[in-house]
Amino acid sequence: MSRSHSRSRRTPIAASIGSATTHSEHSTEQLEQRQLLSADIALETVLEGTGTTFAKSEYKLNNGKHSLEFSIFNAEPGQYQAAVGSKQLGQITVPASRLAQFEFTNQPGDAGEAPFPSDIVLPLTSGQAIRLSPVSGTGSAEISGTLAVENEDERFESNVAVNAVSADGRAVEAEYESEQEGAVTQRKFTLKVYNLQPGSVQPLTIDGVSVGVLQANAVGTAWLKFADPVRAGFSAFPAQFPAITTGSQITVGTDFTATWGSATAPVSDDATDGRQTQIELHGTGTLQGTIFHESFTPVGSTTEQREFRVEIWGGTAGAVVPVSVRTPSGQPVQIGSITLNTRGFGRLHFESQDPAKQFPASFPTLTDGTIFTVGSTLAGAWTATNPTAESLHRSAELAYQLDQTMGFTSNGVYMENWGKKGEKWLKDKTGKWHFITPDGGLYEWDLKPGANGRRIAILDDSFHLRPELLTQAKAVGSGVASDDLLQATAAKLDRELGLTLAAASNTNCGGLQEKWLRGNGKWYFITPDGTLTRWDGSKTATGTVVARLDDRFHETPAHLTEAENELTDAEKQFAAKTSLKLATYDSKLDKWQGIDAKWIKSSTNVWYFVRPNDDVFQWDQKVYSKPGGQKDVGGVKISRIAGAWANPTLLTTLPTTLPGTVASRAVLDDLFADAPDFS
């Protein structure tokens, strides 16, 4: 099973590190492209008019610069007076294209900018009304809205991470998440540092602010976790904890500094995944909707593939809603229509790879400023700032982790649109209700009327179309590449269960096309979807699910029974260092008592030795006599780790670049430790 070892849930980007660092890989998963600087303000509103006329207005304060930017779409040509509350700002001209952009600022200097009037009170605040009124009776009717915290669902999010290794082998992994809805802020900070001096105390600062003290354990590892509201396993945030953004500095001790990084756009893990753009539709009636567009070029091909989908909800059952597109230089073109179902939901779907869903010949090339009109009340615009969704491959990885953690279930009845947002409903293993919206947003319900609550993930919209992709999520895999977390999990199962493949004559004896394995005196079977189950001894293929892998492990069970051998050398070295707590190698002990062994000691004073064939053993603390007066040692074999004999320090120091992902390393951390009880 070939593997790609650059996988990550987040996008790696290059970043600079202080002088004490020789290498770093910084990663981030930003759902919204914005910075949350403590001194910045970001407010926005959608200004709604009559019919399909609308505008967007965004106010920002950054480094002393105040700016209020207007983007106007589908408006009648003419002059419009811009105002904040009762204070007039100036006039904006909408040309024949029906599109306009203009900015008011306290630091004008470019075309399309004008100064704020001297009597305007700055900064602007949430709740202020923004208006665009036609001058002298020309143009559209008044367009208006109210400034609010920037984000389409009135919350902003930050999710940044840092992963760095210093010149002397210390490694830091940290993640910071912040989400605000109204006046309520939720934050989470997690940090883990490896290879510190065992027992040492290290100060931790972020942007020069002391946020805590790290106490290294016996193996040189330290943790720090903050959350608000406080939850199990986390402490409260210190009062002085700063807002972490792209470029923030984290310092462990006095000489190990790394920079929090930010990606400007998601990068797909799968070469066949494309960029999916979401376009929100705005209107004044009950009808709501979203447009999705994805394009990609398959590996080995020069032909771009496209998919375009309009989904609307909240309308009248049976209504037929036309969909039109107009480019900045063209006329409106109807590309199709949507007939709403009994729940008021409908979809228009084009896909270049599906003969039944071909794009119409009239479908235009989408450019910045293209206007989409749905019916007589909804409109949206294709702009450079439209949010980009997660790729399907990355969403599948996230869905697998969510399902493994939360155990989503459903009886197949999803109560679609109960909350009037086109959503579908699921329960987790504790009985809590969650819902997934047509754009792929997964929310934990707040028990209040309607589809409201805390967003916990953003998935591909296909998970709304087929919620079983979440309730029965399987690990991501293909014949070409596999996920590091999946492989690490398989290796852990291999060690814990001691699995061997049973005779082929047992295949399908339970009627599920399952294949059977033996492990530690028990029977297991794996079904075609990759679910590994410990048999309950009944007459059918039933029992306790141990793990959900993917179909490759059923097709070739050796990927499971030999999973440890399929780990990379770097993964085994990392696992040996962290799970065995290996600390020191003393070359003076080479050939001790004439024995072909090199000796390594753990921080817990357990001795291990390496043989010339790279086999690593835990010593049983005995010396054996051999014929001819020779001596030898024995013990429990841990694993064969390439390069361990030539360079035993590979097992006592972390590699410059940590293997796999944070999730896979969490499994490798425990790979060679005692097996947990699966009963």
Notebook entry, point to check: Going by the structure shown, is N613 closer than 28 Å to L532 by Cβ and not acidic (D, E)?
Noted result: no
Next item on the list: Read through the list (1) within 30 Å of P77 (Cβ to Cβ); (2) in contact with a Lys or Arg (Cβ under 9 Å, 6 or more places away or on another chain); (3) at pLDDT below 85, then give the number of the only condition that T138 fails.
Entry: (2)
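Kindly evaluate G199 against the criterion of being at pLDDT below 85 and over 27 Å from H282 (Cβ atoms). Give the derivation first.
Numbers: at pLDDT below 85: yes; over 27 Å from H282 (Cβ atoms): yes.
For G199, the condition - at pLDDT below 85 and over 27 Å from H282 (Cβ atoms) - is met.
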Next item on the list: Look at F574 and say whether it is surrounded by 14 or more Cβ atoms within 10 Å (Cβ to Cβ), part of a strand (DSSP E or B) and touching a Gly at 6+ places or on another chain (Cβ under 9 Å).
Entry: no
Next item on the list: All but one of (1) over 30 Å from A222 (Cα atoms); (2) among the β-branched types (V, I, T); (3) in contact with a Gly (Cβ under 9 Å, 6 or more places away or on another chain) hold for T568, so report the exception by its number.
Entry: (1)
Note to self: Looking at P123 and the list (1) modelled with pLDDT under 85; (2) over 32 Å from the mean Cα position of the chain (by Cα), which single condition is not satisfied?
What the structure shows: (1)
Check: Out of the residues in segment 360-378 that are part of a strand (DSSP E or B) and either in contact with a Phe, Trp or Tyr (Cβ under 6 Å, 6 or more places away or on another chain) or charged (D, E, K, R) (or both), which is surrounded by the fewest Cβ atoms within 10 Å (Cβ to Cβ)?
Finding: T370
Next item on the list: Starting from segment 418-445, take each residue that is within 10 Å of M406 (Cβ to Cβ) and not assigned by TED's automatic domain parsing to the domain that holds T316 and list its partners that are charged (D, E, K, R) and part of a loop (DSSP other than H, G, I, E, B), counting only C-beta distances under 9 angstrom and pairs at least six apart or across chains.
Entry: H434/D428; E444/D428; E444/K432
Next item on the list: Please go through segment 102-113 and pick out each residue that is exposed (fewer than 14 other Cβ atoms within 10 Å of the Cβ) and either charged (D, E, K, R) or within 21 Å of G369 (Cα to Cα) (or both).
Entry: D110, A111, G112
Item checked: Among residues of segment 607-642, those that are part of a loop (DSSP other than H, G, I, E, B) and surrounded by fewer than 15 Cβ atoms within 10 Å (Cβ to Cβ), counted -> 5
Notebook entry, point to check: Does at least one position in segment 595-605 carry a residue that is in contact (Cβ under 8 Å) with a residue 12 or more places away in the chain, among the acidic types (D, E) and part of a loop (DSSP other than H, G, I, E, B)?
Noted result: yes
Check: Can you pull out the residues in segment 632-660 that are of a type in the set (V, I, T) and touching a residue at least 40 places away in the same chain (Cβ under 8 Å)?
Finding: I638, I641, T649, T652, T653, T656, T657
Notebook entry, point to check: Can you pull out the residues in segment 347-359 that are part of a loop (DSSP other than H, G, I, E, B), over 24 Å from Q288 (Cα atoms) and not polar (S, T, N, Q)?
Noted result: D354
Notebook entry, point to check: Being touching a strand residue (DSSP E or B) at 6+ places or on another chain (Cβ under 9 Å), under 28 Å from R665 (Cα atoms) and assigned by TED's automatic domain parsing to the domain that holds H554, is that true of even one residue in segment 534-541?
Noted result: yes
Next item on the list: Test each condition in (1) in a strand (DSSP E or B); (2) over 21 Å from T146 (Cβ atoms); (3) in contact (Cβ under 8 Å) with a residue 40 or more places away in the chain for A114 and report the one that comes out false.
Entry: (3)
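The values are calculated or read from the model by the stated rules, or taken from the named source; none is laboratory data. Not measured: the values here are computed from a predicted model. Methodologically, a virtual Cβ is constructed for each residue, glycine included, from the backbone with ideal geometry; neighbour enumeration extends over all protein chains shown.
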